[in-house]
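Computed from the coordinates by the stated procedures, all read-outs in this text should not be read as laboratory data. Note that the structure is predicted; figures quoted are calculated from it, not measured. Here Cβ is always computed from backbone atoms with ideal geometry, including for glycine, and neighbour counts include all displayed protein chains.
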Ligand code: Q9C
Ligand code: ZN
């Protein structure tokens, strides 16, 4: 399987507010380095660099003003003499107004963020746009006849919606790639999200559309981040009604519960008969993940890949979460090897 990778991810290494303390993000550069090392150790296939696509491709699923914000936030922050990571401190909840974009960077950060896990640093935009380019390059490879590809994205993307960032995510790499597939002439694309956390951004982007079916298996949002989306009754709206499928699962879920839900999800995707499948590949479902609560073993990730292969469609894997760095390479690449059979 073809892998698309760039060292640009290392430009993004940030801090997050966690348990009341500012600490280094669990989403750190060693994650991608470890996955790449495993890709090479098992001889998965060729590793290529991304092409540059640019903001117009990102603005197919994000608003132009949001993309501009991401691009300019660090210089606006720095212009005030600030040197630490840019983090939001105020959010437009319920009856506060969210129809007017603030001018001040502190207002903008809250306006465009859902939490304090998305710091912006000097290198963030370069890493973020390159991560989207990895997914777009992977989708372009599928368009040119590859049956599968692995976009080794970092930072991840599935919590980012049309106009907000969150949960270590800035641009929604999987959504950008899915939209590019449609723009290239495909009629239907399925996005399957196997990250521990609900893919709220991807769901939001495609919620009212029938040309993208979104399916997510994740920790029940009553107990797990992102808390405010990912319930079973979210089935789509308007033309998209019936094309959004959530499988919230309890703490402690192991292969029995997970495999059954995954098989059900993959059967529904096969029935949808998409031209391509995009997998939001998080491996934070692992038993030793430091911030998640499922109990998958490393061998179970082979079975995830095998089950996805059963859909029988060209497939782009887009890297999302997974925070047990020691095992992240084995677990992520096990999905890919399981897929290849
Ligand atoms: N510090 C992914 O797996 N962290 N994201 C809370 C505030 C939530 C996980 C953020 C974890 C986000 C891509
Ligand atoms: Zn996650």
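The value of relative contact order for segment 260-341, using C-alpha pairs under 8 Å at least six residues apart, is 40 percent. Semi-axis lengths, largest first, of the ellipsoid equivalent to segment 82-150 are 34, 16, 10 Å, with √(5λ) applied to each eigenvalue of the Cα gyration tensor. Each residue in 285, 15 was given a count of other beta-carbon atoms within 10 angstrom of its own, and listing them fewest first yields 15, 285.
Each part gets one Cα centre, and for segment 223-242 versus segment 166-212 those centres are 14 Å apart.
Between the beta carbons of residue 42 and residue 256, assuming R0 = 25 Å, the FRET efficiency works out to 0.35 to the nearest 0.05. Summarising the label geometry, the points placed 7 Å from Cα in the beta-carbon direction at residue 7 and residue 122 lie 1.7 nm from one another. For helix 325-340, report the angle its Cα long axis makes with the longest principal axis of the Cα atoms of the chain; keep it between 0 and 90° and round to the nearest 10°. Between the helix axis and the principal axis of the chain, the angle is about 40 degrees.
Look at 272, 168, 66 and count the other Cβ atoms within 10 Å of each Cβ; fewest to most, that gives 272, 66, 168. The helix-based estimate of mean residue ellipticity at 222 nm for the chain, built from -39,500 (n - 2.57) per DSSP H run of four or more residues and divided by its residue count, is -11500 deg cm²/dmol to the nearest 500. Pairs of Cα atoms nearer than 8 Å and 6+ residues apart set the relative contact order; for segment 196-239 it is 47 percent. Between helix 29-41 and the chain there is an angle of about 20 degrees, using the helix long axis and the longest principal axis of the Cα atoms. Compared with the dominant principal axis of the Cα atoms in the chain, helix 124-143 is inclined by about 30°. Computed over the chain, relative contact order equals 18 percent, with contacts defined as Cα pairs under 8 Å that lie 6+ residues apart. Applying 0.36 nm per residue to the separation of residue 227 and residue 63 and subtracting their alpha-carbon distance, the gain on full extension is 56.6 nm.
Given their separation in residues at 0.36 nm each and the Cα-Cα distance between them, residue 84 and residue 271 gain 62.4 nm when the chain is fully extended. Going from the fewest other Cβ atoms within 10 Å to the most, the residues 58, 247, 227 appear in the order 227, 247, 58. For the residues 193, 133, 99, a GNM of the chain with alpha-carbon springs under 10 Å puts the largest fluctuation on 99. According to the Cα-based calculation, Rg over Rh for segment 144-263 is 0.96, with Rh computed by the Kirkwood formula. Please label the shape of the chain as rounded, prolate or oblate, based on the square roots a ≥ b ≥ c of the eigenvalues of the alpha-carbon gyration tensor (a/c under 1.5 means rounded; beyond that, a/b larger than b/c means prolate, else oblate). Rounded shape, in that the Cα axes give a/c under 1.5.
Modelling each spin label as a point 7 Å along the Cα-to-Cβ direction, I'd like the residue 264/residue 340 distance in nm, to one decimal. Result: 3.2 nm between the two label points.
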